[in-house]
Amino acid sequence: MAENGMKALEEKHHRKAFGLAAKDTSGILSPFIFSRRANGDNDVTIKILYCGICHSDLHTAKNDWKGTVYPLVPGHEIAGIVIEAGCNVLKLKIGDTVGVGCLVGACRSCEKCVQHKENYCPKLVFAYNSIDIDGKITYGGYSNIIVVDEHFVVKFPKNFPVDRGAPLLCAGITVYSPMKNFELDQPGKHIGVVGLGGLGHVAVKFGKAFGMKVTVISTSPWKKEEAIKSLGADVFLVSSDAEQIKAAQGTMDGIINTVSAKHALLPLILLLKSEGKMIMVGAPEHPLDLPALPLLLEGKILAGSCIGGMKATQEMLDFAGDHNIAADIELISTDYVNQAMERLAKGDVRYRFVIDVGNTLAEA
């Protein structure tokens, strides 16, 4: 009798969910049944339609950065429909098309939270592999539903293509936020984008929408036509071409560096004008060599940026809606996810995989 009572209580406070999880450092994803917390007064429950695959998902699934808790349900580029709303929810309603990015919680009272920079809160809660308010590990968007405090949910603009919008919830805000924060959003300025992948291709689109001159710096010469003709970049530099790089030295107001592999910083620093800024948004697994003298002699800045706060994320989505900015994606089914991860590791994607969760995820 007592056992049945405990089971009923647990069912009342939790909601059954299912998705795909990595069970060990192989990173291979397989069906997984788990539970979400019950929808609280400030929460919304979202039926997940789409979820982008970020390089962070791959790193975390394989425990490249250490600290992964298995089983791991990745995914922080989540788009879906509100199917339940708590009694205190004000900005959202059932039926709204919404998104959830990297953050699902923060203290809401520290200096950074008050400044709308929840992404730098010391008590922030990530969408997966983090400790949620109920003390349990968070599970991400490779799943059928998610329960989130409404503060950490954003609304998609009307008629926005949400499958192509899902990657903006990580890739989009990751490049938009530093462009705004470091004044690399001003018409007529010259910005460099290092790496033309999931982050880089969106940075090009935002840069052009801001009215800037955009130069792509890439290791792949074959990406030139796509960068200029399809994405609208003004100039394309091959990073291994010493003559091209030398000719462009001292021409850029800022650089958004999206590369997540080990690479040389000095040639990029030399591309900056005096007092130019290079913002690191990629996360290489191994440390990079930093030459200090070029920074000192010309007052150049090397900084980092990690996603953005909720106010900035909603602003980014609204800006994207106004300027028809969305990610270029390859829409895949859930049974292709492991192959997609293998391709992602090789850089074989143009430019973001997005899982069609709503139509292809079935309970095992």
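The values are calculated or read from the model by the stated rules, or taken from the named source; none is laboratory data. Not measured: the values here are computed from a predicted model. For neighbour counting, all protein chains shown are included, and Cβ atoms are generated from backbone atoms with ideal geometry for every residue, glycine included. Heavy atoms of the whole protein, side chains included, go into the accessibility calculation; ligands, DNA and RNA do not. Shrake-Rupley method; radii C 1.70, N 1.55, O 1.52, S 1.80 Å.
Quick notes on this structure:
- Residue match in the range 286-293 (condition: closer than 30 Å to ARG108 by Cα, modelled with pLDDT of 95 or more and open to solvent by 70 Å² or more (accessible area, probe 1.4 Å)): no
- Residues within the range 168-220 that are under 19 Å from the mean Cα position of the chain (by Cα), more than 20 Å from ASP322 (Cβ to Cβ) and among the aliphatic types (A, V, I, L, M), tallied: 4
- Scanning the range 235-272 for residues that are open to solvent by 40 Å² or more (accessible area, probe 1.4 Å) and hydroxyl-bearing (Ser, Thr, Tyr) returns SER239, SER240, THR251, SER260.
- GLU275 vs. criteria surrounded by fewer than 19 Cβ atoms within 10 Å (Cβ to Cβ), in contact (Cβ under 8 Å) with a residue 24 or more places away in the chain and at positive phi: yes
- Test: PRO157 is open to solvent by less than 40 Å² (accessible area, probe 1.4 Å), in a loop (DSSP other than H, G, I, E, B) and in contact with a Gly (Cβ under 7 Å, 6 or more places away or on another chain): yes
- Condition met for ILE307 (on the phi > 0 side of the Ramachandran plot and either modelled with pLDDT of 95 or more or open to solvent by 40 Å² or more (accessible area, probe 1.4 Å) (or both)): yes
- Number of the condition not met by ILE33 [criteria: (1) open to solvent by 20 Å² or more (accessible area, probe 1.4 Å); (2) touching a helix residue (DSSP H, G or I) at 6+ places or on another chain (Cβ under 9 Å); (3) not acidic (Asp, Glu)]: (2)
- Of GLY165, GLY141, all but one fail to be of a type outside the set (A, V, I, L, M, F, W, C), under 20 Å from the mean Cα position of the chain (by Cα), surrounded by 24 or more Cβ atoms within 10 Å (Cβ to Cβ) and assigned to a helix (DSSP H, G or I); the exception is GLY165.
- Strands (runs of 3 or more DSSP E) enclosed by the range 185-245 - at least 3 residues per element that are under 16 Å from VAL175 (Cα atoms) and touching a residue at least 60 places away in the same chain (Cβ under 8 Å): 190-194
- Qualifying residues in the range 339-351 (those that are in a helix (DSSP H, G or I) and surrounded by fewer than 17 Cβ atoms within 10 Å (Cβ to Cβ)) - the one modelled with the lowest pLDDT: ALA345
- Single condition LEU302 does not satisfy, out of (1) assigned to a helix (DSSP H, G or I); (2) touching a helix residue (DSSP H, G or I) at 6+ places or on another chain (Cβ under 7 Å): (1)
- Qualifying position, being of a type in the set (Val, Ile, Thr) and either modelled with pLDDT under 95 or over 27 Å from GLY99 (Cβ atoms) (or both), among ILE355, ILE325, ILE301: ILE301
- For the range 275-299, filtering for residues that are assigned to a loop (DSSP other than H, G, I, E, B), touching a Ser or Thr at 6+ places or on another chain (Cβ under 9 Å) and either hydrophobic (A, V, I, L, M, F, W, C) or closer than 20 Å to LYS66 by Cβ (or both) leaves 5.
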